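Step one of this worksheet: look at the structure below.
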Amino acid sequence: MAKKLPKVDVVIVGVGWGGGIIASELTKQGLNVVGLERGKERKTEDYFMVHDELRYALRYELMQDLSKETITFRSKTSVRALPMRSYGSFLLGTGLGGAGVHWNGHTFRFLPYDFEIRSKTVERYGEKKIPADMTIQDWGITYDQLEPYFDKFERMAGISGEENPLAGKRSKPYPTPPMKKMPSMKMFEEAAKKKNWHPYMLPSANLSEAYTNPDGISRAACQYCGFCERFGCEYGAKADPVVTVIPVAQKTGKFEIRTHSQVRRILHTGNKATGVLYTDVTTGEEIEQPADIVVLTSYVFNNTRLLLLSKLGRPYDPNTGKGVIGKNYAYQVIRGGATGFFEDREFNYYAGAGALGIVLDDFNGDNFDHKDLKFIHGASISHTMTGQRPIQTNPVPQGTPSWGKDFKAASLKYINRTLSVGAQGASMPFRHHFLDLDPTYKDVFGDPLIRITFDFEEQDRQLAAFTAERCGELLQEMGASKVEVNGKLGPYDIVPYQSTHNTGGVIMGASPDTSAVNNYLQMWDAENVFVVGASAFGHNSGYNPTGTMGALSYRCAEGILKYHKSGGGMVV
Amino acid sequence: MVVLAQTNNENDQPVSRRNFLKNSGLVIGGLVVGGVAGSLLAKPKTPAPTQPGATPAPTADFNQALMYFTPEQFKVVDAACERIFPEDENGPGAKALGAAYFIDHQLAGDWGFNSRDYMQGPFYQGEATQGYQGRLKRREIFDIGIQEMNNYSNSTQKKKFYELAPEQQDEVLKAFETDEVKLTTISASAFFKMLRASTLEGVYSDPLYGGNKNMDGWKLKNYPGNQMTYSQVIEQDKFVKMAPLSLRDHQHG
């Protein structure tokens, strides 16, 4: 029998960006919140020895321990899904702050087109533009409705940036100016302008200057040390939940964080949750935490998995297209980029910051005409300088052997003479891309792992080839001696790292028939359960997801407060 | 086109962490969330006693001792690493940089045991896009791979791998890389990939792990290692070369 604790107002599952934002907003209004986090506690002091590429980037210090839990993957239903035994395609966070600790800090707003993607595509190109199996749908919210929440997230995190001329309207400028511009970024800017494209500095959560946010949290400026992604920030310059929202919630005295607490089930009677069951992983003890409101704030995979394990909501069935939990899993198309080699010039390639870069959206969303193209949506095209660390960065021109004397000579020659321009492609959902429970493989507790069924489609191949050409043109204009265009997209392969932008599974929408949560992220099938994360995305845009996920988290917090006040019912 | 940074070149003392913090204004008002400021400024500095004029005796590298490999295995790996990243006119190769010691030490720990990988069954052969699906751990894969390199060298040249001429060693490695060598227990090309990747790790990881001796791997790439800040470098047009710093410097500097 599980030990039963006294009831609280709200229990949140996972203390990363979603959990931290929800906790800070609710505790400020006087609610009692318990945060259950399966991993360990974290603080900035932990990163004293963080400039260690091997430990953090290649041995995944901050990531989920796969020996305890992983995912399984198959390209289609006729293939046997097998576990991701080692890291590759994406990296799963754990511990206080979650994936919000090891991100790079690219903080975009999805385009107005994204939120009404089906309507706007049909309006401009007709129904026939959308392939039969492509399950894009409107999100049940518009950009204008979400704008105040984007602003709130950006002000909390202190995003450094400048206006994107091709994006939705902003109510206010970014709270801090853009980051410093490296010479190669100036080259990108000039080249793009020559082509009449619209470059702008990448919106960055690595602070360009010291900043105090509306919650009274002060953070120092980024030092461009080159250790962001896969690392924690030793300066607190990179916005993460541990240095922003979590301390705000803790200061109220109403937020209790329990680390090493892995939630196993949402407990419910009928269509109302009564609390959660979790395991104290240090003792193995099972504990029940009753609550009036349950908020799932873990990553895409565990939000979906916990609902399926708890038998809450209607599981998605790819054969009928009915059901919603596990629906519209999407990813990111990263292979549409280009590399430029510069014989006569060396760049300070070792320096940089996770979100230091310059970007353009002329080929993103529906900012360009797709009439004669065999895909919809597009990609942001950017040149970033994250600080190229020596183990993982060994650029050589095509045709160079991958080892031996010639490899060594070429990799040493080109290490500081190579620039890349990348495309971050949108990923559309398809009826046969989904998440469900694996029938065979289990986690350390004996619970089924989540299973991904996903592959790249013709849409993705066309998109990658198109954006890679644009990246190549830019590098040519930037004066590269040699340009290699890498636009060939093979089957989805879980081995090489691509992107940790997994989305969908518990998507938002205007109707319970086609979505799992409403536009406050409240479950249609369980009014006191809210599900926060990129799991709510109906598709993935040509951008990093955190900005949009953060805005939705603030929107959700407002919904929870409304629900708490009204004492029940749907808040929309 | 290589210029030296004005404040942090080979002739100057590297910027100490503490002075850096004092000078960069990182100690800020309000609610201090950064751990750097508080914890480090409070640490007292005790300079090491020095004898004027004394030349320090060269100290033995206590790290260069085997934790996992047998001496025979070590010879094979050491020779193979050197072919993957050979000494040339640019500078030292994997052997001088200690890459094989690095691999030995890594196999002795978590990585060698696949401690943080999902190693539960059932085991099925999957598609290439599903990644490694074997039951063998990295240390076992190395055991087999090393043995097979010697077997293949013996059967083709009547010698052990490390007794072959460098060009012959390259032929053996190529045969593994291309799966021309047919193995039953492991994939020859997958073993080669692991060997290549761990050689580069040994060449370029922080010297605390036993490779990248004297930070000479980093010097090959003009990589400055562990630096506190590049704020003064980031906007410069010219390449800024600086003497590398290690994590040991960071902790004791």
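So for region A:349-488, averaging the separation of alpha carbon pairs under 8 Å that are six or more residues apart and normalising by length, what relative contact order in percent results?
Working: 187 pairs, mean separation 30.4, N = 140.
Contact order relative to length: 22 percent.
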Backbone HN-Hα couplings from phi across region A:401-408 [Karplus 6.51/-1.76/1.60, Hz, Gly and Pro as x]: x, 8, 7, x, 4, 5, 4, 4
Within 10 Å of the Cβ of an average residue in B:235-241, the count of other chain Cβ atoms is 6
How far is helix A:143-157 tilted off the main Cα axis of chain A, in degrees rounded to 10, range 0 to 90? 80
What is the Cα coordinate range of region A:174-258 on the first, second and third principal axes, sorted by size from largest, in whole angstrom? 55, 24, 21
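Remind me, relative contact order of region B:95-253 in percent, using alpha carbon pairs under 8 angstrom and six or more residues apart? Mind dumping the intermediate values first?
Numbers: 157 pairs, mean separation 39.2, N = 159.
It comes to 25 percent, rounded to a whole number.
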Tell me the Kirkwood radius of the protein assembly as shown: reciprocal of the mean inverse pair distance over distinct alpha-carbon atoms, in Å. 27.8
Pick out, from A:Y278, A:H377, A:Q388, the residue whose Cα sits farthest towards the positive end of the charge dipole of chain A, with +1 on the Cβ of Lys and Arg and -1 on the Cβ of Asp and Glu. A:Y278
Spin-label model distance (nm) - A:D144 vs A:N319, 7 Å beyond Cα toward Cβ: 4.5
Under a 5 Å amide H to amide H cut-off, with H placed in plane at 1.01 Å, what residues pair with A:G337 once short-range neighbours are removed? A:A423, A:N486
Dividing the alpha-carbon radius of gyration of region B:146-203 by 2.2 N^0.38 Å, where N counts its residues, gives 1.09
If you take the square roots of the eigenvalues of the alpha-carbon gyration tensor of region A:198-242 and sort them as a ≥ b ≥ c, do you get rounded (a/c under 1.5), prolate (a/b over b/c) or oblate? oblate
Given a Förster distance of 56 angstrom, what is the FRET efficiency for B:E167 paired with A:E123, based on the Cβ-Cβ distance and rounded to 0.05? 0.25
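Compute, for region A:467-521, the length of the dipole vector about the Cα centre, with Cβ point charges of +1 (Lys, Arg) and -1 (Asp, Glu) only. Units Debye, rounded to 20.
On the way: 3 positive and 6 negative charges, 15 e Å.
Using Cβ point charges on Lys, Arg, Asp and Glu, region A:467-521 gives about 80 debye.
Under the classification rounded if a/c is under 1.5, otherwise prolate if a/b is larger than b/c and oblate if not, where does region B:204-243 fall, given a ≥ b ≥ c as square roots of the Cα gyration tensor eigenvalues?
Numbers: a/c = 3.93, a/b = 2.08, b/c = 1.89.
Prolate, because a/c is 1.5 or more and a/b exceeds b/c.
Could you work out the per residue convex hull volume over the alpha carbons of region B:170-211, in cubic angstrom? Please list the in-between numbers first.
Values: hull volume 2.9 nm³, N = 42.
It comes to 69 Å³ per residue, whole-number rounded.
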Karplus ³J(HN,Hα) for region A:357-368 (6.51 cos²θ - 1.76 cosθ + 1.60, θ = phi - 60°; Hz, whole; x = Gly/Pro) runs x, 10, 8, 9, 10, 4, 10, 10, x, 10, 6, 9
Amide hydrogen neighbours beyond the local backbone of B:L245, cut-off 5 Å, H modeled: B:G225, B:N226
Which value, in debye to the nearest 20, gives the size of the charge dipole of region A:460-560 about its Cα centre, when Lys and Arg are +1 and Asp and Glu are -1 at the Cβ? 200
P(r), alpha carbons of region B:91-143 - 10 Å bins starting at zero, rounded %: 22, 38, 26, 12, 2
Once R0 is set to 35 Å, what does the formula 1/(1 + (r/R0)^6) return for the Cβ-Cβ distance between B:N151 and A:K40, expressed as a FRET efficiency to the nearest 0.05? 0.15
Treating every alpha carbon of region A:388-546 as one equal point scatterer without solvent, the Debye formula yields log10 I(q)/I(0) values at q = 0.10, 0.12, 0.15 Å⁻¹ of -0.57, -0.76, -1.00
Please give the Cα centre distance for region A:493-532 versus region A:53-115, rounded to the nearest Å. 17
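If you filter region A:21-102 for chymotrypsin sites (Phe, Trp or Tyr not before Pro), then keep DSSP loop positions with at most 10 other Cβ within 10 Å, what is left? It would help to have the intermediate numbers written out before the result.
On the way: sites: A:Y47, A:F48, A:Y56, A:Y60, A:F73, A:Y87, A:F90; in loops: A:Y60, A:Y87, A:F90.
When the chymotrypsin sites (Phe, Trp or Tyr not before Pro) of region A:21-102 are filtered for loop state and at most 10 Cβ neighbours within 10 Å, nothing remains.
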Against the longest alpha carbon principal axis of chain A, how many degrees, from 0 to 90 and to the nearest 10, is the axis of helix A:458-477 turned? 40
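Quickly estimate the mean residue ellipticity at 222 nm for chain A, helices only: each DSSP H run with n ≥ 4 gives -39500 (n - 2.57), and the total goes over all residues, rounded to 500. Before the final figure, lay out the partial values.
Details: 10 runs with 120 residues, N = 572.
Mean residue ellipticity at 222 nm (helix-derived): -6500 deg cm²/dmol.
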For chain A, averaging the sequence separation of alpha carbon pairs under 8 Å that lie six or more residues apart and dividing by its residue count, the contact order in percent is 23
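Going through region A:8-51, which trypsin sites (Lys or Arg not before Pro) have at most 13 other Cβ atoms within 10 Å and a DSSP loop state?
For trypsin sites (Lys or Arg not before Pro) across region A:8-51 that sit outside H, G, I, E and B with at most 13 neighbouring Cβ atoms in 10 Å, the list reads A:K40.
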So how strong a dipole does the protein assembly as shown carry about its Cα centre when Lys and Arg Cβ are +1 and Asp and Glu Cβ are -1, to the nearest 20 debye? 1020
Give the residue from B:F74, A:V483, A:P178 lying farthest towards the positive end of the charge dipole for the protein assembly as shown; charges sit on Cβ (+1 for Lys and Arg, -1 for Asp and Glu) and the dipole is referred to the Cα centre. A:P178
Work out how far the C-alpha atoms of region A:302-382 reach from end to end along every principal axis, then list the three figures in whole Å, largest first. 61, 38, 18
Along its principal axes, what span do the Cα atoms of region A:472-563 show, with the longest given first and each in whole Å? 60, 27, 22
On Cα atoms only, tilt of A:546-566 relative to the major axis of chain A in degrees: 20
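Within 10 Å of each Cβ in peptide B:76-88, how many partner chain Cβ atoms are there on average? Round it to a whole number, please. Please report the intermediate quantities before stating the final value.
Working: counts 0, 0, 0, 0, 1, 0, 0, 3, 5, 6, 6, 2, 6.
Across the residues of B:76-88, the mean count of other-chain Cβ atoms within 10 Å is 2.
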Descending semi-axes in whole angstrom, ellipsoid equivalent of region A:320-473, from the Cα gyration tensor: 35, 24, 14
Three-way shape label, region A:48-171, alpha-carbon gyration tensor, a/c 1.5: oblate
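For region B:100-185, which GluC sites (Glu not before Pro) are in a loop by DSSP, counting at most 15 other Cβ atoms within 10 Å?
Values: sites: B:E127, B:E140, B:E148, B:E163, B:E167, B:E171, B:E177, B:E180; in loops: B:E127, B:E180.
Answer in residue order: B:E180.
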Virtual spin-label span in nm between A:L373 and A:K181, 7 Å along Cα→Cβ: 2.6
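No lab work stands behind these numbers, since they all come straight from the coordinates. For clarity, every value in this text was computed on a predicted model and none was experimentally measured. When we count neighbours, we look across all protein chains shown, and the Cβ atoms used for this are built from the backbone with ideal geometry, even at glycine.
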